[in-house]
Amino acid sequence: MPLLRRNNRNVSNGMIPLMLLQAVNEYRRLERKPPVTAAILAANTLIYLRPAFLHQILPKTEDVFFNAHLIVKDKDLKRLFLSAFYHLGETHLAYNMISLLWKGIQLETWLGSAEFTSMIATLLGLSQGITLLLAKSLLLLFDYQTAYYHEYSVGFSGVLFAMKVVLNSHSDGYTNLHGFVVPAKHAAWAELILIQLLVPNVSFLGHLGGILAGIVYLRLKKSPSPLTTMVKGLTSLVRSLHMRIWQQSPPRQRRTSAVAGGIWRCRACTYDNSGWLSVCEVCGTWRGVDGLSSAQLSNSEMIFLDELRHRRIQRFGRYR
């Protein structure tokens, strides 16, 4: 859902229970449950619901609205970062969280929880920072302040647009976007235009900042820089904390059976995809009705591990 400008709170329309049901259903199918995606979804939901035990701790929505003028004037970092986790209405929350569920499960599964956490933190900072920079630049260069510099907005959409750019960065296939078939690499740009045209009261600058953040993030991963080093350091820190928590947790028996929905192999490029996906992650080919799970394939049909690693490096730029 786009970032909204109006500070209104809709009467409950049942979207949150539907969203949670969707999340539970998706996680139930997965053998490995991506914990960071679930934690972000839960945090956004709890902030919106404001239960009694958090009511006195959480800032009010009007105190965290993203507003470039107030952020610069008061050096208000609270508005800069916390605004992404607040939503105006159940539909706004549900739309964003279902989008997070779709993108987060895919990215966290392939990148791992540690690097995924680092990526989300980086995309959050980049998207909010770029949005602030764009608003300030429009003011300084064109004295254009009414629409953007004094705009009030909240929502996780900027980060979601950045995640979309990262997710589709190496895809040569096509995707269906609200009835329009577009190249997956350009899906974020197409969605930016469509939402701006079809949905009222959206933050164009917030969404644009998210797309640019995704592009910057991909460039930083390819070229060494102080910021890249900082991101890698954050990734290492998160990974070490994750490993420490994992080592201290009680051992659990690992399931060996296939997940519900299975793992299907793309007929075009032989890539093994998660059973809940309907489009191949590598080439964009549709699964179709004859998709086979790995358990159904003979050993002679299994691709080599080095080839699988090569494809993951091509897509994400690193070993899993």
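The values are calculated or read from the model by the stated rules, or taken from the named source; none is laboratory data. Computed from a prediction, not measured in an experiment: that's the story for all the values here. Because the Cβ atoms are built from the backbone with ideal geometry, glycine has one as well, and the counts that use them run over all protein chains shown. Protein only, heavy atoms only, side chains kept; ligands, DNA and RNA dropped before computing areas. Shrake-Rupley method; radii C 1.70, N 1.55, O 1.52, S 1.80 Å.
Return one whole number: the accessible area per residue of region 43-158 in Å², for a 1.4 Å probe.
Value for region 43-158: 41 Å² per residue.
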- Message: For a Förster distance of 30 Å, can you work out the FRET efficiency between the beta-carbons of Asp143 and Asp74, rounded to the nearest 0.05?
- Response: 0.90
- Note on the structure: Listed by chain and number, the residues whose amide H is under 5 Å from that of Tyr174, excluding neighbours fewer than 5 places away on the same chain and using placed H, are Ala184
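Would you mind calculating the gained length between Leu177 and Leu21 on full extension (0.36 nm times residue separation, minus the Cα-Cα distance), in nm to one decimal? It would help to have the intermediate numbers written out before the result.
Working: separation 156, 0.36 × 156 = 56.16 nm, distance 2.37 nm.
Net length gain for the segment: 53.8 nm.
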- Could you run the Karplus curve 6.51 cos²θ - 1.76 cosθ + 1.60 with θ = phi - 60° over region 63-80 and give me ³J(HN,Hα) per residue in whole Hz, x for Gly and Pro? 8, 10, 3, 6, 9, 4, 4, 6, 5, 6, 5, 9, 6, 8, 5, 4, 5, 5
- Message: Which one, Val36, Leu77, Pro59, is farthest towards the positive end of the dipole of region 13-100 when Lys and Arg carry +1 and Asp and Glu -1 on their Cβ?
- Response: Val36
- Starting from the Cα gyration tensor of region 9-141, multiply each eigenvalue by 5, take the square root, and state the resulting semi-axes largest first in whole Å. 28, 20, 13
- Could you state the orientation-averaged shadow area of the convex hull built on the Cα atoms of region 77-149, in nm² to one decimal? 6.2 nm²
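Quick one: which of Lys78/Lys164; Lys185/Lys221; Lys103/Lys221; Lys73/Lys222; Lys75/Lys103; Lys33/Lys60 span more than 29 angstrom between C-alpha atoms?
Listed pairs above 29 Å: Lys73/Lys222; Lys75/Lys103; Lys33/Lys60.
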- Message: Solvent-accessible area of Lys185, probe 1.4 Å, all protein chains present, reported in Å² to the nearest ten, please.
- Response: 110 Å²
- Query: How much of the accessible area of region 21-180, in percent, comes from carbon and sulfur atoms when a 1.4 Å probe is used?
  - Reply: 65 percent
- Phi to ³J(HN,Hα) by Karplus 6.51 cos²θ - 1.76 cosθ + 1.60 over region 120-126, Hz, x for Gly, Pro: 4, 4, 5, 5, 4, x, 5
